[in-house]
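Where a number appears in this text, it was derived from the coordinates with a stated rule and is not lab data. Because the structure is a prediction, the values reported are computed rather than measured. Cβ: placed from backbone, ideal geometry, glycine included. Neighbour counts: every protein chain shown.
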Amino acid sequence: MICETGTDTGKAAEWLRKGYTVGIPTETVYGLAANALNEEAVLEIFRIKERPVFDPLIVHVKDAKAVDEIAVAGESERRLMELFWPGPLTILLPKKAIIPDLVTSGLPTVGVRMPSHPVTLKLLETLPFPLAAPSANPFGYISPTTAQHVKDQLGTKIPYILDGGASDVGVESTIVSVDGNKLKVHRKGGVTTEALSEAGFQVEYAITNEALPVAPGMLESHYAPFKPLYFGTASQILNRTYTSPVAVICMNEKELPELPGDYVTFSLSLNNDLGESARSLFDCMRKLDEGDYNTILAIEFPHYGLGHAINDRLRRASVKRTI
Ligand code: TXA
Ligand code: MG
């Protein structure tokens, strides 16, 4: 299939109306979108991503009102929407029958979010249906944060990639379910736990590493490069021997102890800015995976704000080895 990359939301809408899948920009990562109400179109997403059908998709809506057509939202959920939408927060809600079971992998809930990327919001406004969209990467690989990333891997399988520039947040949405004032975090992401707590919610984690978790984005191995990646604190991982050349991902190399001369460091933010770090994380991982390195080391980020989501992705990207 010939794949075109462009900024024409009209063209993207045309393909989507015909039941095709299209790459779309969001503020978190790029999505592989299809008409969420069309089962055939949704099946294409699973085929293209080689994604197991037990892993449900997030549905993207144009505004909070559009939620009522597909799901049931209570008072607390509405409050979350008011506070955090448009933005990187996915809310799990009891689904209505109009959403095909394939979208939710048979679960009674559907993950819904209103993205804040202006290009995708414009696209959603022109469409008479919401968009089911997982991250636009082959299942288990690093998520894409540019149109080029999508093209590199899915370019032969989809007709159009809507280019909205590099994703602003750089890590996926936070996934939550709500029970009154209690909020369960199923995936750490772009909305920080601190922000959710400050909004008056009692936050707890519902993240498992079981073989069949509620949110398979939470599978033990995910977001992973092909090269072996080791993750831990500087003292845990730097004093071992690795196959060189070795690349080191960190927030700020100025804060690392002295490294062997042939190690190459990649600082995601010399200003110790977690937002900047998150924004460049996946791009950096992809470049190192494509580069001449045999080993990738990733040094733990601070345990606050977006650091939680960054550490989560790096841990899941790492080789399974107890250090
Ligand atoms: O930021 C994002 O959320 C991006 C952009 C494109 O919006 N999307 C994304 O989708 O990360 P995906 O498919 O790569 O990850 C969605 C995660 C999966 O781990 C899935 O298991 C979980 O959301 N999920 C979706 N629906 C769910 C449900 N009803 N219950 C529990 N987990 C659900
Ligand atoms: Mg994903």
Along region 230-238, Karplus-curve 3J(HN,Hα) (6.51, -1.76, 1.60; θ = phi - 60°) to the nearest Hz, with x for Gly and Pro, reads 10, 10, x, 6, 3, 6, 6, 10, 7
Relative to the compact-globule estimate 2.2 N^0.38 Å (N residues), the Cα gyration radius of region 24-78 stands at a ratio of 1.29
With a Förster radius of 25 Å, plug the Cβ-Cβ distance of residue 244 and residue 304 into 1/(1 + (r/R0)^6) and report the FRET value to the nearest 0.05.
-> 0.15
Would you mind checking the pairs 95/184; 151/184; 11/96; 151/188; 254/287; 65/122 and listing those with alpha carbons more than 25 angstrom apart?
-> 151/184; 11/96; 151/188
For residue 152 paired with residue 82, estimate the spin-label separation in nm (one decimal), with each label point 7 Å from Cα along the Cα-to-Cβ line.
-> 4.3
Measuring from label point to label point, each 7 Å out along Cα→Cβ, what is the residue 199 to residue 2 span in nm?
-> 4.5
Rounded, prolate or oblate: which one fits region 84-234, using the alpha carbon gyration tensor with axes a ≥ b ≥ c (rounded when a/c is under 1.5, else prolate when a/b beats b/c, else oblate)?
-> rounded
Taking a label point 7 Å from the Cα of residue 53 along Cα-to-Cβ, the residues of region 79-108 whose backbone nitrogen sits under 17 Å from it are 99-108
Where a Cα-Cα gap under 13 Å defines reach, which aspartates and glutamates qualify for residue 62, not counting those fewer than 8 residues away within the same chain?
-> 125
In nm, to one decimal, how far is the residue 38 label point from the residue 259 one, both placed 7 Å along Cα→Cβ?
-> 4.7
Cα gyration tensor category, rounded, prolate or oblate, for region 258-310 with a/c compared to 1.5 | prolate
How big is the gap, in Å, between the Cα center of region 163-197 and the Cα center of region 235-312?
-> 23
Amide H contacts of residue 161 (H built 1.01 Å from N, under 5 Å, at least 5 apart or other chain) | 4, 5, 6, 23
Average the reciprocal distances over every distinct pair of alpha-carbons in the chain, invert the result, and give the Kirkwood radius in Å.
-> 20.0
Translational D (Stokes-Einstein, µm²/s) of region 79-126 at 37 °C and 0.692 mPa s when Rh comes from the Kirkwood sum over C-alpha pairs?
-> 275
Given region 1-129, what percent of its DSSP beta bridges are antiparallel, to the nearest 5?
-> 75
Among 105, 269, 143, what is the fewest-to-most ranking by other Cβ atoms within 10 Å?
-> 105, 269, 143
Could you order peptides 110-116, 9-15 by the average number of other Cβ atoms within 10 Å of their residues, highest first?
-> 110-116, 9-15
